[in-house]
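**Q** My questions will all concern the structure given below.
Every read-out reported here was derived from the displayed coordinates using simple, explicitly stated rules and does not represent laboratory data. Just so it is clear, the structure is predicted and the values come from calculations on it, not from any experiment. For neighbour counting, all protein chains shown are included, and Cβ atoms are generated from backbone atoms with ideal geometry for every residue, glycine included.
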Amino acid sequence: MITITSTRPGDQDFHMFTGLPSRIYPPDSLRFRMPDSIPIDFLRACYVLKDGDHAVARASIYDNPLLKYQGEHAFAIGNYECADCDEYASELLAHMVSTVKSWGGKQLVGPMNGSTWEAYRFLADHQNPLFFTEPCHHLYYNAQFRMAGFEPIAQYYSNIDYGLEPDSPEILLRERELRALGVRIRAIDLADFETEIGRVFDFNLLAFRKNFLYTPISREAFMKKYRQTKDYINPELTLLAEDAAGNLIGYFFCIHDFYNVKNKSLIVKTLARHPDPVWRGLGHVIGNVIYRKAAELGYASAIHSFIYEQGTSTKLSANFSGIRYRNYVLYGKQLG
């Protein structure tokens, strides 16, 4: 007998929600190398689907008041996990749709744990090994969402560059021009990390405001998230760019691929520049400085991760000789 029950963090039965991945992934899966993040910001409900006494699927609903799709407020399905059974997926996703409709929702997107600051998107292929920070889940989740009437609303990809050949003449010329304007590119100061990431938080409000489905998060939530990354950062590979007055105008946040044990690979996790046209080409210049240092440190490749197919990072990755490594999909469903 299939039943669906509601639960929340702190409830006595919430262990059924958090414990589900251990039932549907092998013990040595990379799924367990990263913590199971269930953010409470915007979390409205969590559901567990049971077959008899056994939990076999789960999902949550997030109600971020600032999240909009096609001009309408959108709810989000997050923390999705399900056994390889179409009936389980159909029952659970139908329940989610029905619930959001009963709340007056018109749009439902997923997977997304409340905002683009948290885990979102499904892997679309397993052709290459997972890299550090990538989600780990079953590919059949895509088919389960499609069978429930969800359609792709955004495509993303990661590129990999095996060349690491810096210093093209065009980029070097632009670097000289920017330096003549007083631009300074420097390593992040880990000794003053709180101040540094506080500046990044303020800058992101400007740099990311036009990104697809972007919504801001609180300073407190942002600081907490980035404090967790401090121990992974090599400051020589996470660079900030400042104008002549010391204002932050761009940055690259890079991290070592701890999953790759065959050779050294660098992940370009986040990049941003000020939208003012005067800083055109700054992203290429910062990336070029990082490539120089990465080559010195013995890196054999660099992954430009999670690029939105219609975004401005597409050209940047292509200019650094990136070739396709992985595809990702975000789904949506109009409810009325």
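**Q** Nearest 0.05, what FRET efficiency do R280 and A187 give at R0 = 30 Å with Cβ-Cβ as r?
**A** 0.80
**Q** Once you have the Cα-Cα distance between C136 and L30, take 0.36 nm times their residue separation minus that, and quote the gain in nm to one decimal.
**A** 37.5 nm
**Q** If I take R0 = 41 Å and measure r between the Cβ atoms of K101 and I323 in this structure, what FRET efficiency does the formula 1/(1 + (r/R0)^6) give, to the nearest 0.05?
**A** 0.45
**Q** Counting only trypsin sites (Lys or Arg not before Pro) that sit in a DSSP loop (anything but H, G, I, E, B) with at most 15 other Cβ atoms within 10 Å, what is the longest stretch of the chain containing none of them? Don't skip to the answer; put the middle values down first.
**A** Working: sites that count: R33, R209, K210, K262, K264, R280.
Counting at most 15 other Cβ atoms within 10 Å as exposed, the longest clean stretch of the chain is 34-208.
**Q** Moving to a separate point now. Output the 0 to 90 degree angle, nearest 10, between the alpha-carbon long axis of helix 86-102 and the longest principal axis computed from the alpha carbons of the chain.
**A** Helix 86-102 and the main axis of the chain meet at about 80 degrees.
**Q** I've got another one for you. Let a ≥ b ≥ c be the square roots of the eigenvalues of the Cα gyration tensor of the stretch 163-320; is it rounded (a/c under 1.5), or, if not, prolate (a/b larger than b/c) or oblate?
**A** Here the stretch 163-320 falls in the rounded category.
**Q** Tell me, M223, M147 in order of fewest to most beta-carbon neighbours within 10 Å? Provide the component values of the computation, followed by the final result.
**A** Details: M223 15, M147 12.
The order, fewest Cβ neighbours first, is M147, M223.
**Q** Using every alpha carbon pair in the stretch 74-217, what percent of pairs falls into each 5 Å bin from 0 up to the bin containing the largest distance?
**A** P(r) over the stretch 74-217, rounded to whole percents: 2, 7, 12, 14, 14, 14, 12, 9, 7, 5, 4, 1, 0.
**Q** If you don't mind, there's one more thing I want to ask. Would you report the distance distribution of C-alpha pairs in the chain as whole percents per 10 angstrom bin, up to the bin with the largest distance?
**A** Bin by bin from 0 Å, the calculated values are 5, 24, 32, 23, 12, 4, 0, 0.
**Q** To one decimal place, what orientation-averaged projected area in nm² is obtained for the convex hull of the Cα set of the stretch 2-155? Don't skip to the answer; put the middle values down first.
**A** Values: hull surface 37.0 nm².
That works out to 9.2 nm².
**Q** Pull out the extension gain between L205 and Q228, defined as 0.36 nm times the separation in residues minus the alpha carbon to alpha carbon distance; nm, one decimal.
**A** 6.2 nm
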